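Everything on this sheet refers to the single structure shown next.
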There are 2 protein chains.
Amino acid sequence: MISSTRAEIITIGDEILFGQIIDTNTQWIGTQLTDIGIRPTRKTSVGDNKQDILSAFTEASQRASVIIVTGGLGPTRDDITKHTFCEYFHTELEINQDALALVTSFFAKRGRVMTELNIQQAALPKNCTYIPNLWGTAPGMWFEKDNVVYVSLPGVPYEMKNLMEHEILPRLKARFSTTIIQHKSIRTIGIGESFLAEKIADWETALPEHIKLAYLPHFGQVRLRLTGTGTDQGILDRDLQAQVSAVTPLIEEFIFGYDLDELETVVGSLLKENNATLGTAESCTGGYVASRITSVSGSSQYFEGSVVSYSNAVKTNVLGVKKETLLEFGAVSEQTAREMAEGARKVLNTTFAIATTGIAGPDGGTPDKPVGTVWIACATPNETFTQLLSLRNDRKINIELTSSYALNLLRKTILKGNLIVQG
Amino acid sequence: MISSTRAEIITIGDEILFGQIIDTNTQWIGTQLTDIGIRPTRKTSVGDNKQDILSAFTEASQRASVIIVTGGLGPTRDDITKHTFCEYFHTELEINQDALALVTSFFAKRGRVMTELNIQQAALPKNCTYIPNLWGTAPGMWFEKDNVVYVSLPGVPYEMKNLMEHEILPRLKARFSTTIIQHKSIRTIGIGESFLAEKIADWETALPEHIKLAYLPHFGQVRLRLTGTGTDQGILDRDLQAQVSAVTPLIEEFIFGYDLDELETVVGSLLKENNATLGTAESCTGGYVASRITSVSGSSQYFEGSVVSYSNAVKTNVLGVKKETLLEFGAVSEQTAREMAEGARKVLNTTFAIATTGIAGPDGGTPDKPVGTVWIACATPNETFTQLLSLRNDRKINIELTSSYALNLLRKTILKGNLIVQG
């Protein structure tokens, strides 16, 4: 096994250490490096403290050939990355004229006045290669020393991603890529990690040396990720595909997709294939199912809309749920879920409609219907399917799980209609 | 200034390095440690590789007194944390009878069969203090060596958080807390970081040594975070509050809240204070505004529901937008936004309604109405206010920004009605 180029990612900022923001940058950088065969081996977050940053640079340079640094480049005073690079490389800042021209035009285009702080954003360590940032005001920087590449990027995700995609990844690829790391994922819902593991134990034991398996549980789903390493793309693809084909029959009823598939994209494709349309009627999910569906670009092709019926009044007045149903069975009941789905199909004029009603928590539970009691329904032109969920004590988790199970109920309903046998 | 206890957080798992999951654990741990006066100074992520984990332990133990380790404790084979602790402490695993009893009862209660993998979860390094996990099957562990505390927790957020809250934080607090770190945040919307910085430059320069300022931009908002360090809670509170009071008048029109306030909680409080109700009519946000509002526990007190009118048919049939309006001005227009908001007020029978319609992207833009063109509206019993937004090229960002600006428009509208002068 040829070991690939090792990379480390360093994020700078007290806000990350103190937990004031969630860092999503390093996750994305990890996927991008992996895709070009550079192996992320460590991520480090340090605060806005020069000594801590210097020691993180020194340590990383002893282990890795690529060091990606994000954050600490904004115009305000808490940002010290550039000064620290100067100290690290024994150099100083000077205004880079190209960077200044770009930042000037950035402000001119937007008709905004440039401040002294913005001008200082064009001051760069003398030894850096300037990487123009067309998406913001803080330039990217590329340094090389003792065969280690240091890349410094702003922490704003939109700017960082564009700089990586357009400038940094092509350069890194040209310079380092040799071995290939490839992933295949199998995405399941409705089975726990250890039960899944039992079902595929023999297959897992027989995996070849160059293919590694990880279980990634997330809100009722478990993703099985196969990571293959090799030097020949074709052979690696074939080996991974063979393993996917071998494991699929063992757990088929739980698989909803592969690789980048999400329930909302899988459901979207099924709807398009069937020339069908969808609406939702949401109580406990409060619009979250609709928002997942519409997070997919092009969803207007099959998604008509939603009625979020948080109150009983909206359930009866807009969706046509019968008052007697609410009185007799309550808002959280199979009957109400059914009438919500059927009402949404009618009022939104769609092929299918899914409905959710439940007690998300933390309040509102009763001995009969504790927090986490949820009914979901899926109405079709012919009949309506319902399902009872017994979830957790956590509002956010309950909303996430309900939305996933509702999308999965729709998925299985559509597949059943096509006589494709699935779980 | 007494320096506080330093802590480092180590996460274990290839899935984090490769970017297969977003790590939210360390963010949360960072806030919790900070709250008890323990300063997070570094976060490190390493893969499922014994050598990398060992070197992370060794390095962290040279810098910090508290090391929190998460991940790598699941039942499946890719998890190696416990074995690595054994090697690090020169000890071995043995079945802990208390842990075994707990894991057995965990499965019994759920009527599930325990597998051999689950039994092995009760095997712990001999030198650890066993921390019972009442929320899952992987025990917590507490180690001490050379005045450094090592805590090992499962990576599942729900289990990790409960273990931290109920077991780990109280022990850490009892043992280490001396100095106090306190935060105050001022939350703004509608002004960029550097413009904010210019407005408060003099105030920032005059901040005392023990209070530090950070700018935390996030989706159209900038949070100003003041971090104070001291030994007397009362004095620190007073000092921080004085700074908040001093800076507020300089930027009042942009402030929507403080500390943990979010637009959805601020708006919720305003609605409750005014005995008012709310509905939404959403096109480009696809239910995301409703889902933000209902993410707040207790929102059923003021939130009636939403009509997500993704198609023109739903706009006319459910919300009563005139066909002529759509023909003459288009779905993305001031007129349509206005009629959507007014229609939602009627059909959902609410005091206020907010509406969104725009081109989220990446497709659907025209020269006249490029991607990022969005109209929002807020209907009240007396009149309807509208606002044009010119946003970005990114679907997710546009949905986020639109939802925030729509909530902010509602906030300002309610405040105006109360004759409270705000921006």
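If the label for A:Arg238 sits 7 angstrom from Cα along the Cα-to-Cβ line, what are its distances to the same label in every other copy, in nm to one decimal, shortest first? Shortest to longest, the spacings are 7.8 nm. Seen from B:Trp375, the other residues with C-beta closer than 15 Å to its C-beta sum to a net charge of -3, counting Lys and Arg as +1 and Asp and Glu as -1.
Would you mind calculating the relative contact order of chain A from Cα pairs under 8 angstrom and at least 6 residues apart, reporting the percent as a whole number? Walk me through the numbers on the way to the answer.
On the way: 790 pairs, mean separation 44.1, N = 423.
Computed over chain A, the figure is 10 percent.
For B:Lys173, the distances from its label point to the matching points in the remaining copies are 5.1 nm, ordered from shortest, with each point set 7 Å beyond Cα toward Cβ. Just to verify a number: FRET efficiency for A:Leu207 and A:Ser297, C-beta to C-beta distance, R0 = 25 Å, to 0.05? So, using R0 = 25 Å, E works out to roughly 0.10.
Does the stretch B:241-308 come out rounded, prolate or oblate, given a ≥ b ≥ c as the square roots of the eigenvalues of its C-alpha gyration tensor, rounded meaning a/c under 1.5 and, failing that, prolate meaning a/b above b/c? Prolate, since a/c reaches 1.5 and a/b exceeds b/c.
Taking the C-alpha atoms only, the angle from helix A:25-35 to the longest principal axis of chain A is near 80 degrees.
Past the 25 Å Cα-Cα mark, which pairs from B:Lys145/B:Lys212; A:Lys396/B:Lys161; B:Lys212/B:Lys416; B:Lys212/B:Lys396; A:Lys315/A:Lys346; A:Lys272/A:Lys416?
Values: B:Lys145/B:Lys212 34 Å; A:Lys396/B:Lys161 14 Å; B:Lys212/B:Lys416 34 Å; B:Lys212/B:Lys396 32 Å; A:Lys315/A:Lys346 13 Å; A:Lys272/A:Lys416 16 Å.
Table pairs above 25 Å Cα-Cα are B:Lys145/B:Lys212; B:Lys212/B:Lys416; B:Lys212/B:Lys396.
The largest-to-smallest principal axis extents of the Cα set in the protein assembly as shown are 69, 65, 58 Å.
Assuming R0 = 41 Å, what is the FRET efficiency of B:Arg63 and A:Glu116, from their Cβ-Cβ distance, to the nearest 0.05? Efficiency, from the Cβ-Cβ distance: 0.65.
Just checking the listed ones, B:Ile399, B:Ile168, B:Ile95: in the Gaussian network model of chain B with Cα springs under 10 Å, the one fluctuating most is B:Ile95.
Starting from the alpha-carbon convex hull of the stretch A:5-176, give the projected area averaged over all orientations, in nm². All intermediate terms of the calculation are to be shown ahead of the outcome.
Working: hull surface 37.1 nm².
Its Cα hull, projected and averaged over all orientations, spans 9.3 nm².
Across peptide A:312-321, the mean count of Cβ atoms from other chains lying within 10 Å of each residue's own Cβ comes to 3. 7 Å from Cα along Cα→Cβ at both A:Gln97 and A:Leu415: what's the point-to-point distance in nm? In this crude label model, A:Gln97 to A:Leu415 measures out at 6.4 nm. Straight-distance candidates among the aspartates and glutamates for linking to B:Lys126, with alpha-carbon spacing under 14 Å and chain neighbours fewer than 8 residues away dropped: B:Glu87, B:Glu92, B:Glu94, B:Asp98, B:Glu144.
Taking other Cβ atoms within 10 Å as a rough exposure proxy, A:Arg187, B:Arg345 sort from fewest to most as A:Arg187, B:Arg345.
In the elastic network of chain A, a GNM with C-alpha springs shorter than 10 Å, the most mobile of A:Ala341, A:Ala108, A:Ala377 is A:Ala108.
Across every pair of different alpha-carbon atoms, what Kirkwood hydrodynamic radius in Å does the stretch A:7-95 reach? Working shown, then result.
Working: mean 1/r = 0.0733 Å⁻¹.
In the stretch A:7-95 this quantity evaluates to 13.6 Å.
Panel order for A:Thr231, B:Thr285, by other beta carbons found within 10 Å of each beta carbon, from fewest to most: A:Thr231, B:Thr285.
The fraction of all Cα pairs in the stretch A:263-417 landing in successive 10 Å bins from 0 to the largest distance is 13, 46, 33, 8, 0, given as whole percents.
Can you give the alpha-carbon Rg of the stretch B:153-262 over 2.2 N^0.38 Å, where N counts its residues? Intermediate results must be reported in sequence, preceding the final value.
Values: Rg = 16.9 Å, N = 110, 2.2 N^0.38 = 13.1 Å.
That ratio works out to 1.28.
So between A:Lys396 and A:Glu383, what do we pick up on full extension, going 0.36 nm a residue minus the alpha carbon distance? Provide the component values of the computation, followed by the final result.
Values: separation 13, 0.36 × 13 = 4.68 nm, distance 3.06 nm.
Separation in residues times 0.36 nm, less the Cα-Cα distance, equals 1.6 nm.
Per-residue Cβ counts within 10 Å, from other chains only, averaged over A:107-118: what number is that? Display every interim value, and only then the final one.
Details: counts 1, 0, 0, 1, 0, 3, 2, 1, 5, 3, 6, 4.
Averaged over the peptide's residues, the number is 2.
Would you mind calculating the relative contact order of the stretch A:9-103 from Cα pairs under 8 angstrom and at least 6 residues apart, reporting the percent as a whole number? Kindly include the intermediate steps, with their values, before the conclusion.
Values: 93 pairs, mean separation 29.7, N = 95.
About 31 percent, as a whole number.
In whole percents, the pair-distance distribution calculated for chain A from its alpha-carbon pairs, binned every 20 Å from zero, is 22, 41, 33, 4. The angle between the Cα long axis of helix A:97-109 and the longest principal axis of the Cα atoms of chain A comes to about 40 degrees, rounded to the nearest 10. Where only DSSP H runs of four or more residues are counted, chain B gives -11500 deg cm²/dmol as its mean residue ellipticity at 222 nm, each run worth -39500 (n - 2.57). Rounded to the nearest 10 degrees, the inclination of helix B:395-417 to the longest alpha-carbon principal axis of chain B is 60 degrees. The residue of chain B whose Cβ sits closest to the rotation axis that maps B onto A, together with that distance in whole Å, is B:Gly287, 2. Over the stretch A:5-176, what is the relative contact order in whole percent, taking alpha-carbon pairs under 8 Å and six or more residues apart? Once normalised by length, the contact order is 23 percent.
Across identical copies of the chain, B:Glu116 has label-point separations of 7.2 nm, listed in ascending order, with the point defined 7 angstrom from Cα along Cα→Cβ. Here A:Asn49 and A:His218 are evaluated by their C-beta separation; at R0 = 35 Å the FRET efficiency comes out at 0.55.
Values in this text are rule-based calculations from the coordinates and carry no lab data. The model shown is predicted, which means the values in this text are computed figures rather than measured ones. Using ideal geometry, Cβ is built from the backbone for each residue, glycine included, and neighbour counts are taken over all protein chains shown.
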